[in-house]
Amino acid sequence: MLDKEILGALSVAIGVCGYIPYLIGLWRKKLKPHVFTWFLWGLLMWIAFAGQIAGGGGAGTWVTGFSAFMCTFVSVIAFFHGEKNITRSDWVTFAASLMTIPLWLATDTPLWSMLLIIVIEFLATWPTARKSWMKPQEESPLSYLLAGVKFAPSALAMEEFNFITLSYPVALVFINLALIALIMGRRYALEGRLNWD
């Protein structure tokens, strides 16, 4: 069986590989992240990271901490160079996500914290999903693929296997797969081909 530290490091390495094409796309101004989504993803990952540590996650939490940092970094870039078309539904989901955070603070249990974070994570994804429907070429399906894959070894690297430590990585795999399906489906519908860049 693989050492948990190796699995944790593998998750972070996959995460680095996933962010490289995204950062290159940002540098070239090809990608335009939605600031609401990336800000909320960063905030939620910091909360989840704390929850996983409290739940005894060990090396399996490393990728969540790394991802929290990267999402926060991308949200800063998105503030200046991201999607500028902010719709009413974006504002509603952003506000709903933020209003749910006090519920998380009011809960005194890691279980409810994780459940609320997962709900907020789904809400936070809406602005990027909506934007990806309209402009699928401004997102990187390869980055989302690697973002989903990186959580598989991290789940195996958890020191404790329980709902608190595993629910968030599993939810993120599904969210990333859904974004990939949306982006690729829309690219195929608009361009008549499957384009991974």
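The values are calculated or read from the model by the stated rules, or taken from the named source; none is laboratory data. All values derive from a computational prediction rather than experimental measurement. Heads up, the Cβs are rebuilt from the backbone with ideal geometry, glycines too, and the neighbour counts pull from every protein chain shown. These area figures cover heavy atoms from the full protein model, side chains too; ligands, DNA and RNA do not enter into them. Shrake-Rupley method; radii C 1.70, N 1.55, O 1.52, S 1.80 Å.
Some observations on this one:
- Counting only protein chain heavy atoms and rolling a 1.4 Å probe, the accessible areas of K4, K150 rank, largest first, as K4, K150.
- When the surface is traced with a 1.4 Å probe over the full set of protein chains, T37 keeps roughly 0 Å² accessible.
- Span from the the range 71-111 Cα centroid across to the the range 1-57 one, whole angstrom: 16 Å
- Taking the helices alone, the chain has a mean residue ellipticity at 222 nm of -26500 deg cm²/dmol, built from -39,500 (n - 2.57) per DSSP H run of at least 4 residues and averaged over all its residues.
- Number of Lys pairs (Cα under 21 Å; 8 or more positions apart or on different chains) in the chain: 12
- Cut-off 13 Å (backbone N to label point 7 Å along Cα→Cβ of C17), residues of the range 153-197: 153
- The structure-derived value of semi-axes √(5λ) of the Cα gyration tensor in Å appears in the list (1) 27, 20, 14; (2) 27, 20, 18; (3) 24, 20, 16 under the label (1).
- Between 0 and 90°, nearest 10: helix 88-106 axis offset from the chain longest Cα axis: 10 degrees
- Listed values for the range 43-54 are Karplus-derived 3J(HN,Hα) couplings in whole Hz (6.51 cos²θ - 1.76 cosθ + 1.60, θ = phi - 60°), namely 4, 5, 5, 5, 5, 5, 4, 4, x, 5, 5, 4, and x replaces Gly and Pro.
- Chain lengthening between I24 and Y188 when straightened (0.36 nm per residue, less Cα-Cα): 56.7 nm
- Most mobile of V74, V119, V35 in a GNM of the chain (Cα contacts under 10 Å): V119
- Taking Cα atoms only, the orientation of helix 4-27 departs from the longest principal axis of the chain by about 20 degrees.
- GNM result for the chain, Cα springs below 10 Å: residue of G185, G18, G148 fluctuating most strongly: G185
- Angle between the chain longest axis and helix 163-191 axis [Cα atoms, degrees, rounded to 10]: 10 degrees
- The local environment of A54, defined by Cβ-Cβ distances under 13 Å, has a net charge of -3 under the rule Lys, Arg +1 and Asp, Glu -1.
- Spacing of the modelled spin labels on T87 and V119, each 7 Å from Cα toward Cβ, amounts to 2.4 nm.
- Rounded accessible area per residue of the chain, 1.4 Å, Å²: 48 Å²
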